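Enquirer: Questions regarding the structure given below will be posed in turn.
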Amino acid sequence: MIKTMKHDKELSKVYLRIDNGYGDFYNMSFSVDGENWSSGVLFSDEFLTPSILMPPGEYEIKFSIKSRSGATAYYKKKGPFYTEIVVKPFIDTTIVFDNDTLASWQEELKE
């Protein structure tokens, strides 16, 4: 069903951003009820601006971070972390992770 929705461009993009450092999101999963987790997160095909594709709804997202303080190959694994997001139809949004405070939140997409 998700692949059909991707083909029909019915999925919203949830961009991933790290503040106060560098890194990558990994081991992402989502839950609608907070108990049953699905690791079937579908990443978009974009390389420079990573995002996941989600149908509209309210979700709890679980993720880990490979964190780097600068442009280096060495990283620390951090997580798992949790954040709640609301995905609206055809509206892209951003999950922000702060590398200093280890807090995460949802923001409206800034173009």
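Enquirer: Only residues that are at pLDDT below 90 and open to solvent by 30 Å² or more (accessible area, probe 1.4 Å): list them for the range 57-74, please.
Expert: R68, S69, A71, T72, A73, Y74
Enquirer: Any idea how many residues of the range 23-48 are assigned to a loop (DSSP other than H, G, I, E, B), among the acidic types (D, E) and under 18 Å from V96 (Cβ atoms)?
Expert: Filtering the range 23-48 for residues assigned to a loop (DSSP other than H, G, I, E, B) gives 32-36, 39-41, 44-48.
Narrowing further to those that are among the acidic types (D, E): 33, 35, 45-46.
Then keep just the ones that are under 18 Å from V96 (Cβ atoms); that gives 46.
Residues flagged as assigned to a loop (DSSP other than H, G, I, E, B), among the acidic types (D, E) and under 18 Å from V96 (Cβ atoms) within the range 23-48 amount to 1.
Enquirer: Which numbered condition in (1) at positive phi; (2) open to solvent by 60 Å² or more (accessible area, probe 1.4 Å) is the only one that G79 fails?
Expert: That leaves (2) as the condition not met.
Enquirer: Right, here's the next one. Hey, does the range 53-65 have a residue that's within 13 Å of F97 (Cβ to Cβ) and β-branched (V, I, T)?
Expert: Checked against the condition, which is being within 13 Å of F97 (Cβ to Cβ) and β-branched (V, I, T), the range 53-65 yields at least one hit.
Enquirer: Continuing with this model, one more query. Quick one: count up the residues across the range 11-43 that are open to solvent by 80 Å² or more (accessible area, probe 1.4 Å) and free of Cβ contacts under 8 Å to residues at least 40 places away in the same chain.
Expert: First pass over the range 11-43, keeping only residues open to solvent by 80 Å² or more (accessible area, probe 1.4 Å): 17, 20, 22, 27, 32-33, 35-37, 39, 43.
Checking the rest, the ones that are also free of Cβ contacts under 8 Å to residues at least 40 places away in the same chain come to 32-33, 35-37, 39, 43.
Here the count works out to 7.
The values are calculated or read from the model by the stated rules, or taken from the named source; none is laboratory data. Because the structure is a prediction, the values reported are computed rather than measured. All Cβ positions, glycine included, derive from the backbone under ideal geometry; neighbour counts span all protein chains shown. Keep in mind that these areas ignore ligands, DNA and RNA; they rest on the heavy atoms of the full protein, side chains included. Shrake-Rupley method; radii C 1.70, N 1.55, O 1.52, S 1.80 Å.
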